[in-house]
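Nothing in this text is a laboratory measurement; each read-out follows from the coordinates by a stated rule. None of the values given here were measured: they were computed from a predicted structure. As a convention, Cβ positions derive from the backbone with ideal geometry for all residues, glycine included, and neighbour counts pool all protein chains shown.
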Amino acid sequence: MATCKECKNFFPLTDNPAKGDCVQRVVDPRQAYYKSKPVNAEDDAASCPSFQKRS
Amino acid sequence: MSKRDEKRQAYTSMLIPQTQTDLQKPGDKVCGNCKNFLESSWSSDGRGACNILKFGSNIHSQPPVYILEGKDGYPTKTLHDASACKYYEKMTFVDKDGYECSDPQYRRVMRQLQDKE
Amino acid sequence: MAQAALKNTSIEEFEKKQEWWWAAEKRRSSRLDYLRKAIWKKGAIGGLYAPGVKTDLEQAVLTTNMARSLENAPDPYVVKSAKIFAHVLDNKTIFITDHAQLVGYTGSLPHTMNWNPSIASILNAEVFNDPTSIPDPVDKNQAVIQDIVGYWAGKSDLDKMMPVFDMEDMMKMLSGSIGWGVPLARGGYSNKDYEYLMTGKRAFQEILEEIDKKIDEADELVHTPVANKEIALMYDKLNNWEAMKICLEAGIRIAKRYARLARIIAENFEEDPKRKEELLKIAAACERVPAHPPRTLQESFQYDIFIQMMSRTEAIEGAWPCRPDYYHGPYYDKDVNIDKTLTPEEALDLVGEFLIRAAEVCQFKPKFAREGLQGIDGTWVWTMGGVDANGRDACNDLTIAFMQAARLVRVANPTFAFRWHPHVQDKVMREVFECIRHGLGYPSIRHDPILIANAMHWHGHPIEEARLWVHQACMSPNPPTKHGYQPMRMANATANCAKIIEYVFTSGFDKIVNMQVGAETPDVTTFKDFEEFFAAWVTQMKTIFSILVRSVNRARVLAPTLTPRPFLSAISERSVESGLDTLDPSIARGNAWITAFTWVENADSLAAVKKLVFEEKKYTMAELKEALDKNWEGYEEMRLDFVKNAPKWGNDDDYVDSIMLRCLDECAKFSKEIKCPCGNNWPILPENVSGNIHYANIVGALPNGRRLGDALYDGGISPGPGLDKNGPTAVLKSCGKIDHITQGRAFLLNQRLSPTQLAGEKGYQLWRAYMRTWADLGLDHVQFNMVDDSTLRAAQKDPEKYQEVIVRVAGYSAHFVDISRKTQDNIIQRTVQGLG
């Protein structure tokens, strides 16, 4: 099962690698930005449309 | 019953918030698409009053109670079932897109009542 | 405009044609141009939000989930509220826009509007019912909304308050006929204790240390071998302090999340070295504030944005009281003039972006609020200029920078209100004038000495505090001080005053909402003279004002227990010191007022009745009553008589002006009889926002000649559009007869000026002469539209080409294309005054 920690967009916290941020690039009709949401490393990413396996 | 209790009883139904079941799609005949309903100008959560029936009426009781005399209108809500009401008259919507300001007579800016035609 | 045409036309050519918006686009930096165009317009047009703008479900989901999980938790309510607040900040999506130097937004994404479902279930029903703003996929999200709405039914702030209000008063208020707003602490707008929070002496970490000390002292007290009332009350204070700490700690954490994101972007995504450096500067700023006091202009602005973001997470904030040049000025001076770490151009970029961050803020509002505040989310009226606590000129270089930045970014909101006093330097007045001349519709001008005296007269603020005043919303002064600041102003102390005169004719029955709302005064046809008629007017006035004020008072008294504000308390000295919620009336001085919408209709109507019915006896009262009942249909000649042949306010005509003064005297007297829970007065404040349009279909026919459906006057003490026939000095003279210190809280005056006449140095001198007359006559307020009819008509035809044309609506400005057609026409109808 794919988990968040296997995704390119996942950035673990240095003091607690079990948690991290999912950072993604968005371009909407008016502006471009980076967004971030807190996730757990072991969260199930199987159905996440933004999942990109880290190489 | 004191006048205060009477009013409290009638008004309480206006002030009870909608629960999950209340948010379902309405039937064909609801107060909100009746010509005689005046939507409150205050919000589009659906409260208002009937222009014909007066305070003390109840279209949901068995049989319905129709009071036509008196001052205050019968407080009711847009999505209240009006299928049993003999004074129901379907209206033609005028204000369709909501980009102008409230007209209690014609405004029906609620998703459930949008004219699909 | 086609890119080629924009490129080939010079700034000077655009300015010569008075096409200020194109000139601004060319003049501003590429960063500001990008950020300006990046804004999703959140103001509603008429009643609906613009396409693409969506309700944000994230806070609603986080709030609901956390509330569910805390249901059985052994925490007092205020602590649960704080934990919910913290959960939202810890888990919400955050973002950093390209080219931005400042961060922080109430919603999760730039195009979303924040929704807090714990405040009012009637608002929640509106979210569900709104036809355009549910995000895709609509069916799935509607189910999510349905679940949230169902959970909060019976639990929201309003549901808790409703059973303990007077039911009859609530029904009258919620009918929408006489009032505008809800009596909720978290559904209005709050000033802040800026003297505690933003003078560089402390920030969140220092406040946490103060609270810890208080907790330790209290803990010791409650364990002494005794029991008494002081100890019994101390437990609630301990709970309040605990809740305050939870909020402050969450505030520090979310800032660090932004710092982290900025570093991640810099280290992993961004390739441009200059932008990397900017991102690391953002990270450093967010590590510093709000934990510690700012050191630079960027940190100071960032601190302010975070505080506003958090306040808007805790509550619906319908305004933005602040004094940005005063509190951020020292940092501007340090960075630009002393340390020279910023060039004026770099500082201007920051100032412009600060305006843009404010312009993009939005919380989902009920329809009445959207209609009353068309084109904007709330009235962000930023106070500029004025004096300091010692009475000395407080204008500084940042005052000027704000004026310059406003002309570059051309946002309608925030809007500025400039505190004029006799020692303002000419260079500052010129900058103020340039903003007006560029058609921003702001700054409005406030008479500082008058308003300082007013604040002392009505609410007993000491002079050093009164001098620090900021606009609580559009108009009303409030000192941002320990006991002076007002933590909740509930907009429902806002009276639709045209109903006063309407109810005299209907004995208080409201035909639009089918309810007895006003007093049952005698049948108007039985009045033998004007005095009896006027006495009925006074009775209706007292009845309407009392209904509105009673509910606000009740809400204020209940607020500390039923709807506390732990975050706002945490940044208020009086709460940190006392352990009481900041809404507690016992620790505040009080600063209440009744906003009087649709006010001038009363004087014009009373004058018409007095003249045509009682003095000239041209019509009987029965005839007039019948005509009004029939909405003047079949009575057009009579209606025109009432329009044209009865004196109208704004023409320096003592007949009607004396009636206005008499109405104000009655209100001023009554204002001292009705008290707020702090024991203070309730003066009136005539102004409108776009209530004159919102109420057009709610107010019936009136003796000034209006019909049901006609737009009402544009507010405050402005004459009816087109009814001021004797020029601008006559308008000022009418308005100058009012005592702006003792007859009310403040009085809004809209004036329209000709852009052609006010061109160049001559135009500036003409305007200064006008302003000298204004000041000498003792008026407290004036605001200007300076856009000609042809531009406005062109904008109606071709809105795409006029996106940044701004007009002054009432206590605020809006982009002309963002307001309804009816409001647009109403603004065009306003008389253009020729000066000189």
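Go through C:N631, C:A5, C:W152 and say which Cα lies farthest out towards the positive end of the charge dipole of the protein assembly as shown; charges sit on Cβ, +1 for Lys and Arg, -1 for Asp and Glu.
Going by the charge dipole, the pick is C:A5.
Using a 10 Å cut-off around each Cβ, can you sort A:C4, C:C667 from fewest to most neighbouring Cβ atoms?
Ordered by Cβ neighbours within 10 Å, fewest first: A:C4, C:C667.
Taking beta carbons within 10 Å but only from partner chains, what does the mean come to for residues C:747-760?
The per-residue average across the peptide is 0.
Could you list C:Y635, C:Y332, C:Y258 so that the one with the fewest beta carbons within 10 Å of its beta carbon is first and the one with the most is last?
Fewest-to-most ranking of C:Y635, C:Y332, C:Y258: C:Y635, C:Y258, C:Y332.
Quick one: Karplus J couplings for the stretch C:566-580, per residue in order, coefficients 6.51, -1.76, 1.60, θ = phi - 60°, nearest Hz, x for Gly and Pro?
Per residue, the Karplus-derived 3J(HN,Hα) values read x, 5, 4, 5, 5, 10, 10, 4, 5, 7, 4, 6, 9, x, 8 Hz.
Roughly how many debye, to the nearest 20, is the charge dipole of the protein assembly as shown about its Cα centre, given +1 on each Lys and Arg Cβ, -1 on each Asp and Glu Cβ, and no other charges?
880
Which one of C:T506, C:N413, C:W21 is farthest out on the positive end of the charge dipole of chain C, using unit charges on Cβ (Lys, Arg +1; Asp, Glu -1) and the Cα centre as origin?
C:W21
Which whole-angstrom value gives the distance between the alpha carbon centres of the stretch C:1-22 and the stretch C:242-256?
Going from one Cα centre to the other spans 48 Å.
Among DSSP bridges having both ends in chain C, what percentage is antiparallel? Round to the nearest 5.
Looking only at bridges with both residues in chain C, the antiparallel portion is about 35 percent.
How high is the FRET efficiency between C:I338 and C:K630 when r is their beta carbon distance and R₀ equals 51 Å, given to the nearest 0.05?
Result of the calculation: an efficiency of 0.10.
Return the sequence-ordered ³J(HN,Hα) values of the stretch C:438-446 in whole Hz as given by the Karplus equation 6.51 cos²θ - 1.76 cosθ + 1.60 applied to θ = phi - 60°, using x for Gly and Pro.
7, x, 6, x, 9, x, 6, 10, 10
Just report the Cα centroid separation between the stretch C:652-726 and the stretch C:56-94, whole Å.
Taking the Cα centre of the stretch C:56-94 as reference, the centre of the stretch C:652-726 is 43 Å away.
Using DSSP to define loop residues, name the chymotrypsin sites (Phe, Trp or Tyr not before Pro) in the stretch C:427-493 whose beta-carbon has at most 15 other beta-carbon atoms within 10 Å.
Passing sites in the stretch C:427-493 do not exist.
Which residues' amide hydrogens lie under 5 Å from the amide hydrogen of B:D72, considering only partners 5 or more residues apart or on another chain, with H built in the peptide plane?
The answer is B:F55, C:Q516.
Over all residues in C:366-372, what is the mean tally of Cβ atoms on other chains that come within 10 Å of each residue's Cβ?
The shielding value for this peptide is 5.
When the Karplus curve 6.51 cos²θ - 1.76 cosθ + 1.60 is applied with θ = phi - 60°, which whole-Hz ³J(HN,Hα) does each residue of the stretch C:644-652 get, with x for Gly and Pro?
8, 10, 10, x, 10, 4, x, 10, 6
Using modelled amide H (1.01 Å from N, peptide plane; none on Pro or chain starts), what sits under 5 Å from the amide H of C:I376, excluding residues fewer than 5 places away?
Distant-sequence amide H within range of C:I376: C:A44.
Once the dipole of the stretch C:489-748 is set up with Lys and Arg at +1 and Asp and Glu at -1 on Cβ about the Cα centre, which of C:V699, C:N681, C:Q516 lies farthest towards its positive end?
C:N681
Can you compute the helix-only [θ] at 222 nm over the protein assembly as shown? Use -39500 (n - 2.57) per DSSP H run of at least 4 residues, normalise by all residues, nearest 500 deg cm²/dmol.
That calculation yields -13000 deg cm²/dmol at 222 nm.
Under 5 Å between amide H atoms, partner at least 5 residues away or on a different chain: which partners does C:L835 have, H built in plane at 1.01 Å?
C:S754
In peptide C:125-136, what is the residue-averaged number of other protein chain Cβ atoms found within 10 Å of each Cβ?
Mean shielding count: 5.
Would you order C:K17, C:K274, C:K365 from fewest to most other beta-carbon atoms within 10 Å of each residue's own beta-carbon?
C:K274, C:K17, C:K365
Considering Cα pairs under 8 angstrom that are at least six residues apart, work out the relative contact order of the stretch C:694-836 and quote it in whole percent.
28 percent.
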